[in-house]
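Peer 1: Here's a structure for you.
The numbers here are math on the coordinates, done by the rules we state, and not lab data. Nothing here was measured: the structure is a model prediction, and the numbers come from that model. As a convention, Cβ positions derive from the backbone with ideal geometry for all residues, glycine included, and neighbour counts pool all protein chains shown.
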Amino acid sequence: MCPGCVLSVRGLREHTGQSDALGATVRLRVEFTTEPFDLDEAPAHALVAREVIEAAELDAVDVGPFGNTAEGRADAVLTALDALLRRTLEAGATRISLQVNVIDGAGGR
């Protein structure tokens, strides 16, 4: 995949064979963690991550102490990730691990 394509829904559609003309909706699932961890009290960056992801226009959100998952339309996920990265770094995160997958409409790959 070309480096710039993950930043656009059109690029994702081209690489996954989905056509704009057919009205296909690209869906993404993202899994992420922020560090450093603190098992005694949720750090500020973790609280910010939860706030950002829960406020986003996503279809499914699962927030937990050791990892978080969300999915939805590609444009909504990418918008949420932009805010998540910026705001958690500002709140003190020193590492953010992400995995993004293109999924089909039924929730699988």
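Peer 1: Starting at the first residue of segment 87-97, write each ³J(HN,Hα) from the Karplus equation 6.51 cos²θ - 1.76 cosθ + 1.60 with θ = phi - 60°, in whole Hz, x for Gly and Pro.
Peer 2: Each residue's phi maps through the Karplus curve to give 6, 6, 5, 4, 8, x, 5, 9, 7, 10, 9 Hz.
Peer 1: Taking the Cβ of Ala83 as the centre, find all other residues whose Cβ is under 12 Å away and add up their charges (Lys, Arg: +1; Asp, Glu: -1).
Peer 2: The answer is -3.
Peer 1: What is the extension gain from Arg73 to Ser97, computed as 0.36 nm multiplied by their sequence separation minus the C-alpha to C-alpha distance, in nm to one decimal?
Peer 2: Extra length from Arg73 to Ser97 when fully extended: 6.6 nm.
Peer 1: A follow-up question, please. Expressed in nm to one decimal, what extension gain is obtained for the pair Glu54 and Glu41 from 0.36 nm per residue of sequence separation less their Cα-Cα distance?
Peer 2: 2.7 nm
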